[in-house]
Each structure stands twice: as structure tokens, then as C-alpha cells.
1. When you go through Glu301, Glu361, Glu320 one by one, which is the residue that is outside the structural domain of Leu269 (by TED's automatic domain parsing) and either touching a residue at least 24 places away in the same chain (Cβ under 8 Å) or surrounded by 15 or more Cβ atoms within 10 Å (Cβ to Cβ) (or both)?
2. Tell me yes or no: at least one residue of the stretch 329-345 is modelled with pLDDT of 95 or more, under 18 Å from Val256 (Cβ atoms) and not aliphatic (A, V, I, L, M).
3. Only strands (runs of 3 or more DSSP E) wholly contained in the stretch 1-73 count here; list those with 2 or more residues that are within 15 Å of ligand 1 (Cβ to nearest atom) and under 20 Å from the mean Cα position of the chain (by Cα).
4. Taking the criterion of being over 27 Å from Val9 (Cα atoms), within 16 Å of ligand 1 (Cβ to nearest atom) and in contact with a Gly (Cβ under 8 Å, 6 or more places away or on another chain), would at least one residue in the stretch 156-167 satisfy it?
5. Any residue in the stretch 210-235 that's on the phi > 0 side of the Ramachandran plot: show its pairings with residues that are within 16 Å of ligand 2 (Cβ to nearest atom) and part of a helix (DSSP H, G or I) at Cβ separation under 9 Å, as long as the two are six or more apart or on different chains.
6. Select, from Ala233, Ala207, Ala201, the only residue that is surrounded by 23 or more Cβ atoms within 10 Å (Cβ to Cβ) and either more than 11 Å from the chain's Cα centre (by Cα) or part of a helix (DSSP H, G or I) (or both).
7. Out of the residues in the stretch 263-287 meeting the condition of being within 17 Å of Phe243 (Cα to Cα) and surrounded by fewer than 16 Cβ atoms within 10 Å (Cβ to Cβ), tell me which one is nearest to the chain's Cα centre (by Cα).
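The values are calculated or read from the model by the stated rules, or taken from the named source; none is laboratory data. Everything numeric here is computed off the predicted structure, so don't read it as measured data. Virtual Cβ from ideal backbone geometry, glycine too; neighbours counted across all protein chains shown.
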Amino acid sequence: MTAVKIKNVNKIYERGNVHAVQNLNLDIKDGEFVALLGPSGCGKTSTLRMIVGLETISSGIIQFDDVIVNDLTPEQRNVAMAFESYALYPNLSIAENLAFPLEVRGIPLEERTMEVNRIAEMLQISELLNQRPGQLSGGQQQRVSLGRALIREPAVFILDEVLSHLDAHLKFQMLFELKKIHNSLGKTMVYVTHDQMEALALADRVAVMANAKLQQFANRNELYHRPVNRFVADFIGEPSTNFLKARVCTIEQKIVLEVNENLNFYPDLRRQELINEKGLEEVIIGVRPQYLTLQDGTGKESLTAEVLINEYLGERNILEVKNGSDRFRAVVPPECRAIQGDMVKLFYEPNHVLAFDPQTEVCLL
Ligand SMILES: Nc1ncnc2c1ncn2[C@@H]1O[C@H](COP(=O)(O)OP(=O)(O)OP(=O)(O)O)[C@@H](O)[C@H]1O
Ligand SMILES: [Mg+2]
């Protein structure tokens with residue numbers, strides 16, 4: 001069992017002078033499933049390659065438990081890895097590719113075959129075992145590559161975009177399998193993706209990265225309800241958060257956020273205090289479309305808006321609406337038949353109104 005500690009780690013690629021990872025600190029617990037999530041180019045793969053030992057660390061320390069691994073080879077670190085590009089041995093069959101890590105460890109043939117069959121079944125590639133990598137589709141090769149990592153018994157699993165080439169249905173099944181594998185092995189796993197659905201479905205905690213820096217490292221509930229900044233509030237959640245510029249007004253000693261002359265938001269007491277403390281004259285409001293609904297209830301506030309689009313998505317609709325020149329979205333039940341030009345009344349709870357400092361884009365928490 002292994003905890004992975006990343007302390008003040010930087011990665012600078014001399015070629016191109018790219019500062020790909022900046023002062024990264026991550027404390028990954030023993031047996032934890034952590035996802036690194038962020039847009040393309042934010043430094044996810046660079047981070048993984050430093051954990052694995054395929055890339056030098058420009059400065060800082062990486063520890064496996066209490067051992068500093070900066071100068072250890074990938075073999076010495078005992079990590080199993082699978083990458084988006086499959087790196088399979090082209091001249092070996094799929095079965096031989098899968099068995100390779102076991103053969104290296106001197107596992108007897110009979111046991112190897114059993115393990116290969118077990119993994120192949122789990123990843124739905126049993127019928128491909130006698131073929132060569134060149135005969136397989138991208139998604140099939142990706143599962144073989146994943147299987148070759150899973151067949152080992154490493155200290156840590158490192159998986160980089162390993163499901164990116166699968167169709168939605170198969171991806172969902174594989175996510176489920178991975179989760180099961182993690183639950184049964186209890187090994188530390190670090191999983192890289194730019195797909196928030198994968199990250200949130202799999203991981204105990206998600207490290208959200210942007211522009212080479214860690215933005216927030218938290219569980220899905222925290223990321224969703226207490227995003228540290230606008231980037232996280234925008235990146236996490238589907239459809240993404242509505243952001244509206246607002247003027248801070250005081251009416252009868254209460255703080256009201258005025259978006260335009262016909263649209264006010266009423267934040268809860270805690271946020272009113274925070275806005276007061278900061279002395280802000282303007283804020284950016286963040287409200288998730290899921291929290292703007294047609295459902296009234298005690299303690300809820302309301303607003304009116306004009307429907308621009310009612311998008312039918314099966315189990316829910318997304319209403320695109322406007323008030324003055326401000327546009328935003330709301331999630332409504334599929335029964336909602338509002339059409340363009342209709343006026344709707346939308347309700348929200350004051351505690352679902354997030355407020356961001358317009359200069360720093362930091363969320364007031
Ligand atoms: N070997 C390299 N030499 C020079 N620059 C590199 C090298 N590898 C990556 N970079 C740069 O470092 C930055 C981070 O790249 P990295 O591959 O870590 O991003 P990523 O988050 O994995 O992106 P993606 O989601 O596209 O895989 C990018 O600007 C990239 O161009
Ligand atoms: Mg990458």
C-alpha cells in the first residue's frame with residue numbers, strides 16, 4: 001500500500017521553455033482513487049510522467065510513503081501504467097501482450113493463462129486474444145493496454161486517458177469495471193482525464209488543474225457546491241454554471257445583487273457577510289442551471305425571464321432564457337412545453353447563489 005506525496009513540484013521543459021507544472025502539491029492517500037482533471041495542455045500528463053519516473057522533476061519532491069522517488073527508475077517505483085497511446089508490442093499476440101508483465105515476474109504459464117483470461121473477460125477482449133495489435137481498433141487496443149497495466153500487482157496504478165477512444169456505452173461499462181477493480185484491490189490509483197464525467201464517476205477526490213497549476217483538490221460534492229474559483233465552477237458540472245455580472249446594492253440593510261434593473265439575486269446571509277467584509281461594489285454571480293427551476297418552495301426567491309430555446313434532452317430540458325440583455329440557463333422537467341417568447345418564473349434557494357470577486361475570480365466561501 002502506497003501513499004503518493006507531491007511536494008512543490010515543478011516541470012520546466014528546456015525545449016520551448018515551457019513551465020508545464022507549477023508548484024504542485026498533492027497528498028494522495030494510500031488506496032485512494034484520484035483523478036487529475038483539466039483542459040488540454042494544463043500539465044496532467046507531465047505530472048503523471050513525473051510520478052511514474054518517465055520524466056525528470058525540475059524541482060520539488062515526489063514521495064511514495066516515506067521514500068523519495070525522484071531518482072528511482074519506473075521499475076524501482078513499481079508502478080503500473082497505461083497511456084492513451086497504447087504502446088503494445090506489435091509482434092506479440094494480444095494474449096502475449098497481456099501476459100508480458102507476468103512473464104517478466106516469472107509467473108508460471110498456467111497461472112499466466114488464467115490471469116490473461118480473467119482480465120480479457122473483464123475488458124471484453126476475450127475474442128481478440130490471438131490477434132496482433134495492428135488488427136485491432138483504437139478502442140480495442142486501449143483496452144489491451146489497460147489490461148496490461150491491471151494484470152500487474154504494482155504499488156500504484158497510473159492511467160492516462162485510457163478510455164478516451166471508447167464509445168459512450170463501452171466507456172460507461174469500463175468505468176464500472178475500473179471502479180470495481182479499485183474497490184477489490186484497494187490500490188492507489190491516479191487517473192488522468194479531461195472528461196469530468198469520468199473523473200467524478202471514478203475518483204474519491206479530483207485534482208482540477210488549469211494553466212499548469214492546481215486549482216482545487218476535493219471530492220465531487222465540494223467541487224460542485226464549494227468551487228474555489230470561477231474556473232472550477234465553470235469546468236465542473238453539466239450544463240455549466242451561469243455567470244452574471246452584478247452590482248452590490250444595499251436595500252433595507254440586506255445585500256441585493258443587481259444584474260439589471262429587472263433582475264436581482266438575493267444571496268444567503270453568509271454570502272452577504274462575505275461581500276460586506278470584502279467591501280465589493282461588484283461581483284460575478286454563479287448559479288448552476290440545476291438550481292434555477294420551475295419549482296417554488298419555502299425560502300425560495302424567484303425571477304422572471306423570457307424563453308429563447310427549450311432544448312429537449314430526454315430526462316430533462318434545458319431552457320435558455322434572457323432577462324434584458326442577460327442570458328442564462330435553467331434545468332426544467334421534460335414536461336415543460338415553454339416556447340420561444342414565453343415568460344417563465346424561475347425559483348432558486350439563496351444558498352445556491354455563488355459570488356466571485358470580479359478581479360481575482362475567487363469564490364467567496
Ligand atoms: N516533451 C516536451 N517538451 C516540451 N514541451 C512539452 C513536452 N511535453 C509537454 N510539453 C508542454 O507542456 C505543457 C503540458 O503538457 P501535458 O502533456 O502535460 O498536458 P496535458 O494536460 O496532459 O494535455 P492533454 O489533455 O492534451 O493530454 C504543454 O504546453 C505541452 O506543450
Ligand atoms: Mg495528456
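1. Criteria check complete, one pass: Glu361.
2. no
3. Qualifying strands (runs of 3 or more DSSP E): 18-28, 33-37.
4. Yes, there is a match, as at least one residue in the stretch 156-167 is over 27 Å from Val9 (Cα atoms), within 16 Å of ligand 1 (Cβ to nearest atom) and in contact with a Gly (Cβ under 8 Å, 6 or more places away or on another chain).
5. Partner pairs satisfying both residue conditions: Ala212/Ser46.
6. Ala233
7. Glu282
Conditions (1) without any contact (Cβ under 8 Å) to a residue 60 or more places away in the chain; (2) buried (at least 16 other Cβ atoms within 10 Å of the Cβ), marked per residue:
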site: Ile6; (1), (2): yes, yes
site: Glu14; (1), (2): yes, no
site: Gly38; (1), (2): no, yes
site: Gly41; (1), (2): yes, no
site: Thr45; (1), (2): no, yes
site: Ile51; (1), (2): no, yes
site: Ile57; (1), (2): yes, yes
site: Ile62; (1), (2): yes, yes
site: Thr73; (1), (2): yes, no
